[in-house]
Amino acid sequence: MGIGLAPVLAGEPAAPTDALAAAAVKAGGSDQGLCLVIGDADGKLTASLARNSRMHVQCLTADREGAEKIRRALEESGPSGRVSAVWQRTRHLPYLDNLMNLIVATGNLKGETLSDVVRILHPGGVAVVGSDTGTGAAALLTEAGKVKFAQAESFPRNGAWVKIRKLMDPDFGEWPSLAGGPEMTMVSADKALTPGKEVRWVNGPTWATGSFGNIIMCGGRSFHKEVVYIRPDSNSPSYFQGQSMLVARDAYNGCDLWSEKIKAGRPHVFCADEKRVYYGEGGDLVARDAVTGSVVTNYGPDVRSMTALGSFLILGKNGASVVDKETGQVRWSKPHCIAPPAAKDGVVYILTSQGMEAVTLADGKSVWKVELAAVKERAGGTVMCKGGNVYLVQGIGEGFSLGPGPRKLRVVALDRGDGHVLWSDMRDRPAAGLSMLPFDDVVWITTRVPDTQYVNVNQHTLLGARTGKEVKVVRGTY
């Protein structure tokens, strides 16, 4: 899906607003999402931006009566349902941070106003700011370059114009696979996350349809596996059939980007990068273009686990293998791998029936190999890597809270450099799940301690990542 531009008849010059709208949409690199217009006196630029794209476009004006006039004009000239005009009653722009995909602002914007424009701009989004009658292009470019997270450059248009692209905050993290990333830790690298203050956006089915728990966020997009229920045709009985869908939305504002029908497959075979989304569809592993949803590559038979690192997919099925994303060529395979592998810094860590082995991502050559008594005693487990450590995490014992047998959690920490065992820990584990989260400096281990007939107490034990010694114990009711 390319950028849609309004047609212009041969030999007929484009109106100034149409030319600016088309250039702004092209500069933004996408014709979907949310667009804000500042300084549009009559609504013509707002309407043109909507016609030149598939975006939802809103005009913001400080003139209360002017907002009403623009609103009436848009009802006549703007694409229905995708244009609006509002009166700005506040000093600052009345929008959440990181919301808009494209902003077009005409007029003499400086300092605080430019900072506010960048504040509400989507990471990776673009603001086109300036005036056809302005003369201070160099000064505007210098002013825009002072704004935090702003990458400013000249915009090719008569007058004084600048294009600002918002850079990603380095504290932001993404969630490119169901395990959080190739480290397989279920821990995000995000440092900016704080307790929620409001709902950011709501989208998707009203009722639970299987999408919960299948959310990937990468490249400013969120990907979801959902099921919609449809009646096959008018002659069918009054029952509905489920249709699996792979859906992409803007991760910052929730706007729908695309939705594609897929064959039901393995919902846990799911990851993404900046360019593509990878999903187990039916019996195959399929790569789709992250922007359009179209199929790019079919890698063939499905796998049981998957993550991505650099130019490669790391697959788990009857062992472990690494596949080149572009060509689909299998670079190497290890048939004796008995758990989904973890990877970091160009090295893959695989679990065998004898112990742990580190191999290079590009060619599968062994870096180190160690035998582990823990894996010989109990085959299998979960492999994670974080900081300077690689972990084997094992749940020992069967059953849930009312089931039979002792339930233990064993964690073995190894040095990523040479594989020597740093420490080992075993304790009572919770009723379900392994509940171990590794960070660079500490490891969190969670157990449930029965307190009363009705209440369980969660006990979180923090161990030093390199020593395995208890740092702190925190309790809270569950």
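The values are calculated or read from the model by the stated rules, or taken from the named source; none is laboratory data. The shown structure was predicted, so the numbers you read here are calculated from the model rather than taken from an experiment. Every residue, glycine as well, gets a Cβ built from its backbone with ideal geometry; the counts of neighbours run over all protein chains shown. Ligands, DNA and RNA are excluded from the accessible area calculation, which covers all protein heavy atoms including side chains. Shrake-Rupley method; radii C 1.70, N 1.55, O 1.52, S 1.80 Å.
Tabulated data
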item: Ratio of the Cα radius of gyration of the stretch 278-347 to 2.2 N^0.38 Å, where N counts its residues; result: 1.08
item: For the stretch 146-151, Karplus couplings with θ = phi - 60° (6.51, -1.76, 1.60), whole Hz, Gly/Pro x; result: 7, 6, 4, 6, 9, 10
item: Residues with amide H under 5 Å from that of residue 422, placed H, sequence gap 5 or more; result: 413, 414, 415
item: Accessible area (Å², per residue) of the chain, counting only protein heavy atoms and a probe of 1.4 Å; result: 50 Å²
item: Solvent-accessible area, 1.4 Å probe, carbon plus sulfur percent, for the chain; result: 53 percent
item: Candidate lysines for bridging to residue 69, where Cα separation is under 25 Å - those fewer than 8 sequence places away on the same chain excluded; result: 44
item: Total formal charge among the other residues, if their Cβ is under 11 angstrom from that of residue 342, Lys/Arg +1 and Asp/Glu -1; result: +2
item: Members of 146/386; 344/365; 191/317 lying beyond 25 Å, as alpha-carbon distances in this model show; result: 146/386; 191/317
item: Degrees between helix 111-120 axis and first principal axis of the chain (Cα, 0 to 90, nearest 10); result: 50 degrees
item: Euclidean distance of C-alpha centroids, the stretch 303-333 and the stretch 174-189, integer Å; result: 17 Å
item: Phi-based couplings in Hz for the stretch 461-467 (Karplus 6.51, -1.76, 1.60; Gly and Pro marked x); result: 9, 9, 10, x, 4, 9, 10
item: Extension gain (nm, one decimal) between residue 333 and residue 353, 0.36 nm per residue minus Cα-Cα; result: 5.6 nm
item: Formal net charge of residues neighbouring residue 41 (Cβ-Cβ distance under 15 Å; K, R +1; D, E -1); result: -1
item: Cβ crowding within 10 Å averaged over residues, with 125-138, 282-295, 39-52 ranked highest first; result: 39-52, 125-138, 282-295
item: Cleavage-rule hits (chymotrypsin sites (Phe, Trp or Tyr not before Pro)) in the stretch 147-210: DSSP loop, at most 11 neighbouring Cβ within 10 angstrom; result: 207
item: Largest-first ellipsoid semi-axes for the chain, taking √(5λ) over the Cα gyration tensor eigenvalues, angstrom; result: 49, 26, 24
item: Residue 134 long-range amide H proximity, modeled H, under 5 Å; result: 160
item: Compactness index (Cα Rg / 2.2 N^0.38 Å), the stretch 31-135; result: 1.00
